[in-house]
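Written below as structure tokens is the structure these notes are about.
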Amino acid sequence: MNTHKKYNTEVTGAEAVILALLDEQVTDIFGYPGGAIMPVYDALYDYMDQLNHYLVRHEQGATHAAQGYSRVSGKTGVVLATSGPGATNLITGIADAQIDSTPMVCITGQVHSHLLGTDAFQETDVVGISMPVTKWNIQVTKAEDIAPALAKAFYIACSGRPGPVLVDITKDAQFGKTAYKYQKCESIRSYFPCPKVKDDDISKAAELINNAQRPYILCGHGVLLSGAEKQLLAFAEKADIPVASTLLGLSAFPPKHPLYVGYLGMHGNYGPNLLTNECDLLIAIGMRFDDRVTGNVNKYAKQAKVIHFEIDPSEVNKIIHADVAVLGDAKEALELLLPKVKTQKHTEWLKRFEDCTKIEFEKVIKDAIDPQTEKLRMAEVIDKFHKLSEGNAIVVTDVGQHQMITSRYYTPNIPNYFVTSGGLGTMGFGLPAAIGAKVALPNTQVVAVLGDGGFQMTIQELGTIMQSDIAVKIIVLNNNFLGMVRQWQQLFFDRRYSFTEMKNPDFIAIGYGYGIKGRKITERKDLQAALEEMYASKEAYLLEVVVENEENVFPMIKTGASVAEIILE
Amino acid sequence: MDNTYTLSVFTEDKIGLLNRVTIIFTRRHINIESITASESEVKGIYRYTIVITVSQEQVEKLVGQIEKQVEVLKAFYHINNDILSREIALYKVSAEALKENELFTRIVNENHAKILSIAPEYIVIEKTGDEREILHLFNDLEKFGILEFVRSGRVAITKPMKTLNTFLKEVENNSKTVIKHFSK
Ligand SMILES: Cc1ncc(C[n+]2csc(CCOP(=O)(O)OP(=O)(O)O)c2C)c(N)n1
Ligand SMILES: [Mg+2]
């Protein structure tokens, strides 16, 4: 409960918005003003000492910043935008947050309620537009409905499987007067965020686990969302089961642990993909069998029984049939499971993974991190950075080849220290998400790894860095190509490089324009020193590394192929 | 194999919710054959009846997605054997039909329909029944020329005995699970 001065007296709807944010312990918001949200911005003016507002340069940047903020801190990200174009600019970030289960509350201004449906200036039906990509949304037309709507919004966003919500508030509701009394939302009759774990499901799961010869754990984002890292570790150690991670599950399991076998998916590690089709029990925890993980589903783990630990009932049997589904929170489920699993040893099975790791090292990794090419390769940059940071920096990526390389060669030591756009694959995510992460954890190193293409999708957020002094480090891996698309053109479209070559600006000069220092390197001999300089910088820093133009990411599971058909070169 | 399924969706009263539910179908390229919405036996709780033709696997997934919506209390799917369903249809035919009064009256009676209104230019006939019966009458009336025809879409009652109130109690207990807040 808050104790600010206006409590229990009449306030405007706009002020109610701010007070509700304070009552939800919000400390940071990302936004951009405009006509229909001006009353809220005006109210914010009186609360600048309690609420930090970060002025982005495009509303999409605000959504990704809120996502980055949430992904590293667990707090709900908050976004403020105006009606019409302000609101529509949020959609990409909302869709990204929806598919990557990120809690976010977006507050948009809307035209006066008497103008709704008249095509008034800057009126868009943002509630309608955002419906397919929000967990929940609502339009508020009365001042007194604002606080209850926000209470619900925060509850829905962060409970169960988290997601984005949108609250659209008409201008007259912001101007209207209301008594303010905040009541936190603690349940909604029709909403069941977290099923209670059933003992029976746990017993069935334990029985399969205790009888398996080649059990295999797939760890997803749900482990991080649930905070179940310790429970997962205890379970894996007791039953001696290899653990592989999805892209969004990275950082949930300690990367140097002998049971950690690597990462899954189209450009993941060799063993984790290949051996999916050799295990006899697949234990999926908080993951949803995305097609980038499964490859061809008709040839996916057909030999194995499947246990699916999942909070969202609609995910069970959606893609892969589960022999046992354990519905509920992963942490709770794993705690209940632990005493029921037997201590085991799966030495031979684990050896299979080790063998694969050796093969992958010889065929892919060795050359990638220590190349004989004249030009720099992405992997050696990331590998050097990994060694420099010892995996203790938060790394945020954009989307493309550099993303896949970073997820392969940077292995974070600390849970939630890896942030990327997985389900939507949103280019332009990286820079603003890194800004949000740095705002959430200002004392942690935050490094954005971007491609030359994606950087330019939200490059204007350098202005946010400048204005709010956000010490984000930026590595641009410049291959002068939309590299990931070019790779596909090379492999599947006969090298017809249709509009994937980029004529790029002078990134360092742009950085300077925003008051951000930087350096461009093209040669191997400068790499280590440049990385060190960047890492040691107290302020934001832009490091452009010119890399091989036509490098391909391997291993790879081609579209339509099974995980076992993963190729190394 | 595709089958006709009738979905019963129980919801809170919220603007836009019907839209949220129909988006689930359109996104998957599934055509809604009929949809009706009205308040249920419990005040404030609405019931949508939706008819679709899909596979068993599809209908299970659809129901999962529908139930996932925050304001949906519960969704069920039924095959035709599990429900009693009715539609209402109105047929407007030219008053000329009365020239063949005997035939016309026989058709109306045999189809268990009734005459709702007679005006100088037209007659309106009302028929309640299943889809097949409604089409049967349509075919019979066609010889008089059908000026207008409208069907309500299916409404259905389920055969299994479990009242909405029992579901509501279960639902309320389920929603009281503690909030899970991940914090670092
Ligand atoms: C908004 C958006 N548009 C298009 C794409 C398709 N796409 C995926 S990767 C990629 C290339 C990215 O190029 P760049 O940022 O230079 O990274 P690189 O692959 O070269 O490392 C493109 C165009 C996308 N993911 N997101
Ligand atoms: Mg590129």
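The values are calculated or read from the model by the stated rules, or taken from the named source; none is laboratory data. Note that this is a predicted model, so its numbers are computed, not measured. Note: ideal-geometry Cβ built from the backbone for every residue, glycine included; neighbour counts use all protein chains shown. What goes into the accessible areas is simple: the full protein's heavy atoms, side chains included, and nothing from ligands, DNA or RNA. Shrake-Rupley method; radii C 1.70, N 1.55, O 1.52, S 1.80 Å.
Numbers at a glance
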quantity: Candidates A:TYR497, A:TYR512, filtered to the one that is at pLDDT 95 or above, more than 11 Å from ligand 1 (Cβ to nearest atom) and under 21 Å from A:LYS375 (Cβ atoms); calculated: A:TYR497
quantity: Qualifying residue in segment A:506-517 (condition: without any contact (Cβ under 8 Å) to a residue 60 or more places away in the chain, farther than 29 Å from A:ALA536 by Cα and in a loop (DSSP other than H, G, I, E, B)); calculated: no
quantity: Subset of segment B:1-13 (residues that are under 25 Å from B:GLU131 (Cα atoms) and open to solvent by 20 Å² or more (accessible area, probe 1.4 Å)); calculated: B:MET1, B:ASP2, B:ASN3, B:THR4
quantity: From the options A:GLY13, A:GLY31, A:GLY74, A:GLY35, residue that is open to solvent by 10 Å² or more (accessible area, probe 1.4 Å) and small (Gly, Ala, Ser); calculated: A:GLY35
quantity: Helices (runs of 4 or more DSSP H) within segment B:14-130 that include 1 or more residues open to solvent by less than 70 Å² (accessible area, probe 1.4 Å), aromatic (Phe, Trp, Tyr) and more than 14 Å from chain A (Cβ to nearest Cβ); calculated: B:101-110
quantity: Selection count where residues are more than 14 Å from ligand 2 (Cβ to nearest atom) and buried (at least 23 other Cβ atoms within 10 Å of the Cβ), scope segment A:454-469; calculated: 5
quantity: Odd one out for A:ALA157, checked against (1) under 26 Å from the mean Cα position of the chain (by Cα); (2) surrounded by fewer than 19 Cβ atoms within 10 Å (Cβ to Cβ); calculated: (2)
quantity: Elements of type helices (runs of 4 or more DSSP H) contained in segment A:362-461, each with 3 or more residues being of a type in the set (S, T, N, Q), more than 27 Å from A:GLY61 (Cα to Cα) and within 15 Å of ligand 1 (Cβ to nearest atom); calculated: none
quantity: Flag if A:GLN231 is closer than 24 Å to A:THR357 by Cβ, open to solvent by 10 Å² or more (accessible area, probe 1.4 Å), touching an Asp or Glu at 6+ places or on another chain (Cβ under 6 Å) and of a type outside the set (Lys, Arg); calculated: no
quantity: Criterion violated by B:ILE157 - all others in (1) open to solvent by less than 70 Å² (accessible area, probe 1.4 Å); (2) not in a helix (DSSP H, G or I); (3) not polar (S, T, N, Q) satisfied; calculated: (1)
quantity: Elements of type helices (runs of 4 or more DSSP H) contained in segment A:226-306, each with 2 or more residues being without any contact (Cβ under 8 Å) to a residue 24 or more places away in the chain; calculated: A:229-239
